[in-house]
1. Does region 12-30 contain any residue that is on the phi < 0 side of the Ramachandran plot, β-branched (Val, Ile, Thr) and in a helix (DSSP H, G or I)?
2. Would you say Leu9 is assigned to a strand (DSSP E or B) and within 10 Å of the chain's Cα centre (by Cα)?
3. Can you tell me how many residues within region 1-41 are β-branched (Val, Ile, Thr) and in contact with a helix residue (DSSP H, G or I) (Cβ under 6 Å, 6 or more places away or on another chain)?
4. Go through (1) part of a helix (DSSP H, G or I); (2) open to solvent by less than 60 Å² (accessible area, probe 1.4 Å) one by one and return the number of the condition Tyr61 breaks.
5. Being touching a Ser or Thr at 6+ places or on another chain (Cβ under 8 Å) and either of a type in the set (Asp, Glu) or touching a residue at least 24 places away in the same chain (Cβ under 8 Å) (or both): is that true of Ala21 here?
Amino acid sequence: VANILAGTLTQLEPLLASRVAPGGTLLLSGIWGEEQATQVHAAYADDFALDETQVGEGDWYCLRLTRRQ
């Protein structure tokens, strides 16, 4: 999932969590800045483990998450 505002990604968490199988991977990319990446990660923390955070040019973040069992 890419280039969706942090607030919208936060609201979509229940829907996206219901669509990812346990052990499945979810990539959230195009999140701008550390503050928004932290906000999104916090919204997904109950259902997903954070595997990796990548920061690209221009402070764009990609979160790789794994659905908890």
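1. Of region 12-30, the ones on the phi < 0 side of the Ramachandran plot are 12-22, 24-29.
Next, only the ones that are β-branched (Val, Ile, Thr) stay: 20, 25.
With in a helix (DSSP H, G or I) added as a condition, the list becomes none.
Within region 12-30 (the criterion being on the phi < 0 side of the Ramachandran plot, β-branched (Val, Ile, Thr) and in a helix (DSSP H, G or I)), the answer is no, since none of the residues qualifies.
2. Values: assigned to a strand (DSSP E or B): no; within 10 Å of the chain's Cα centre (by Cα): yes.
So Leu9 does not fit the description; no.
3. Going residue by residue through region 1-41, those that are β-branched (Val, Ile, Thr) are 1, 4, 8, 10, 20, 25, 31, 38, 40.
Adding the requirement that they be in contact with a helix residue (DSSP H, G or I) (Cβ under 6 Å, 6 or more places away or on another chain) leaves 10, 31, 40.
Here the count works out to 3.
4. Unmet for Tyr61, out of (1) part of a helix (DSSP H, G or I); (2) open to solvent by less than 60 Å² (accessible area, probe 1.4 Å): (1).
5. Working: touching a Ser or Thr at 6+ places or on another chain (Cβ under 8 Å): no; either of a type in the set (Asp, Glu) or touching a residue at least 24 places away in the same chain (Cβ under 8 Å) (or both): yes.
It is false that Ala21 is touching a Ser or Thr at 6+ places or on another chain (Cβ under 8 Å) and either of a type in the set (Asp, Glu) or touching a residue at least 24 places away in the same chain (Cβ under 8 Å) (or both).
So that you can scan it fast, the table gives a plain yes or no per residue for (1) under 9 Å from the mean Cα position of the chain (by Cα); (2) modelled with pLDDT of 95 or more; (3) surrounded by 12 or more Cβ atoms within 10 Å (Cβ to Cβ); (4) closer than 14 Å to Arg68 by Cα:
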residue	(1), (2), (3), (4)
Ala2	no, no, no, no
Gly23	no, yes, no, yes
Leu28	yes, yes, yes, no
Gln36	no, yes, yes, no
Asp46	no, yes, no, yes
Glu52	no, yes, no, no
Glu57	no, no, no, no
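The values are calculated or read from the model by the stated rules, or taken from the named source; none is laboratory data. Predicted model only: the values in this text are computed from it and were never measured. So basically every Cβ, Gly included, is an ideal-geometry build from the backbone, and we count neighbours across all protein chains shown. Quick note on the areas: whole protein, heavy atoms, side chains included, nothing else; ligands and nucleic acids left out. Shrake-Rupley method; radii C 1.70, N 1.55, O 1.52, S 1.80 Å.
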